[in-house]
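To keep things clear, I will list the structure first and then write my remarks on it.
Any read-out appearing in this document is the output of simple, stated calculations on the displayed coordinates, not a laboratory observation. Quick caveat: nothing in here was measured; it's all calculated off a predicted structure. Cβ coordinates were reconstructed from backbone atoms using ideal geometry, including for glycine residues, and neighbour counts include every protein chain displayed.
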Amino acid sequence: MATTSRILVLLFLTSTLMAQMPQNPSPMVEHTREHPRLTKEMPPGLRVGLGLGTLFVPERVKNTQGVRLLFFFHGGDWLPEVAVARRRKMAVVSVQAGPGSSTYANLFADPMRFPKLIAEAQSKSGLKFGEVDLGGWSAGCGALREILKDPPSYKRVSRVLCIDGVHTGYVNGPPGPTESQIQTDNLQIWLQIGRDAIAGKKRLIITHSEIFPGTFASTTETADYLLREWGVKPHPVVKWGPIKTQILSEVKRGRLLVIGFAGNSAPDHVDELHSLPEYLKWLL
């Protein structure tokens, strides 16, 4: 009886912990291939705190006119700076707000916050920014979605980079065992900018991995939906990507690029963030 009681207690604790999990945990290690990482550094330049995030202007930026401004969400403080420092005439506002895409979306519940941030960045840096781009990794893509919902902000943005972060919910609870129906409300703005990218009006890059969160739709499922709605099919490939990642699929149509990467572990997810310098080359 004592053994039975212990088993029941363990089952109860396990079910309670599972109920509290925001997603099914991915493996935290992966040894099939190398997972190189960028070296943490602080590139020389101007750093200015804003009402939200930190503006970094690399030392090599000398001209005060026509500098491109990138807003990057959920990439830490140093990594977006390292990536931007390798580009010409580009500055970055890095924003780190915590876990969950809703955390980032809520930052821009007031549609005026984004244009005010641009104005504040110009005022404090003395620069006149030209094109404005958006980038985000994982949960940070929630901010991109919310900013783009505002028509004036949408018009102001030239390029968007969404790294393994287009998520949504399921219609009928947990997924499976057959193909699950996903909620599409959160995906409508991605459909819009994708159509504009195909038409050459915007630039959009979306990457996705094989990670399956379980409690909400994976980036593979959302990418499949978007591609069907855009009327394009992914092209299967097997080739190396940035920092020894493995590309399994790609779509190029107009100024739209959708890349599918191998891997369902945490290191695979972080690989995509550390590929940011290469992604910026693709974006530009």
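Of the residues making up segment 225-254, those that are assigned to a helix (DSSP H, G or I), surrounded by 18 or more Cβ atoms within 10 Å (Cβ to Cβ) and aliphatic (A, V, I, L, M) number 2.
So which residues in segment 40-62 are at negative phi, in a loop (DSSP other than H, G, I, E, B) and in contact with a Leu (Cβ under 9 Å, 6 or more places away or on another chain)? Before the answer, list the steps.
Step one: filter segment 40-62 for residues at negative phi, giving 40-44, 46-52, 54-62.
This time we only want the ones that are in a loop (DSSP other than H, G, I, E, B), so: 40-44, 50-52, 59-62.
Result: Lys40, Leu50, Gly51, Leu52, Glu59, Val61.
The residues of segment 63-97 that are surrounded by 20 or more Cβ atoms within 10 Å (Cβ to Cβ), of a type in the set (A, V, I, L, M) and not in a helix (DSSP H, G or I), listed by number, are Val67, Leu69, Leu70, Met90, Ala91, Val92, Val93, Val95.
With the condition kept exactly as written, say whether any residue in segment 220-234 is among the aromatic types (Phe, Trp, Tyr) and in contact with a Lys or Arg (Cβ under 9 Å, 6 or more places away or on another chain). It would help to see each step written out before you state the result.
In the first step, residues of segment 220-234 are kept if they are among the aromatic types (Phe, Trp, Tyr); the result is 225, 230.
Pick out the ones that are also in contact with a Lys or Arg (Cβ under 9 Å, 6 or more places away or on another chain) and you get 230.
Checked against the condition, which is being among the aromatic types (Phe, Trp, Tyr) and in contact with a Lys or Arg (Cβ under 9 Å, 6 or more places away or on another chain), segment 220-234 yields at least one hit.
Among the residues of segment 131-165, which ones are assigned to a helix (DSSP H, G or I) and either among the acidic types (Asp, Glu) or crowded, with 20+ Cβ neighbours inside 10 Å (or both)? Correct list: Ser138, Ala139, Gly140, Cys141, Gly142, Ala143, Leu144, Arg145, Glu146, Ile147, Leu148, Ser153.
Is it fair to say Leu52 is touching a Pro at 6+ places or on another chain (Cβ under 9 Å), more than 20 Å from Glu278 (Cα to Cα) and not aromatic (Phe, Trp, Tyr)?
On the way: touching a Pro at 6+ places or on another chain (Cβ under 9 Å): no; more than 20 Å from Glu278 (Cα to Cα): yes; not aromatic (Phe, Trp, Tyr): yes.
It is false that Leu52 is touching a Pro at 6+ places or on another chain (Cβ under 9 Å), more than 20 Å from Glu278 (Cα to Cα) and not aromatic (Phe, Trp, Tyr).
Quick check on my filter: what residues within segment 197-224 are more than 16 Å from Gly260 (Cβ to Cβ), surrounded by 17 or more Cβ atoms within 10 Å (Cβ to Cβ), free of Cβ contacts under 8 Å to residues at least 60 places away in the same chain and of a type in the set (D, E, K, R)? Once the filter is applied, which keeps residues that are more than 16 Å from Gly260 (Cβ to Cβ), surrounded by 17 or more Cβ atoms within 10 Å (Cβ to Cβ), free of Cβ contacts under 8 Å to residues at least 60 places away in the same chain and of a type in the set (D, E, K, R), segment 197-224 yields only Lys202. Go through (1) part of a loop (DSSP other than H, G, I, E, B); (2) in contact with a strand residue (DSSP E or B) (Cβ under 9 Å, 6 or more places away or on another chain); (3) polar (S, T, N, Q) and name the single condition Asn172 misses. It is condition (2) that Asn172 fails. Residues in segment 132-157 that are acidic (Asp, Glu) and within 21 Å of Arg68 (Cβ to Cβ) were compared, and the one that is nearest to the chain's Cα centre (by Cα) is Asp133.
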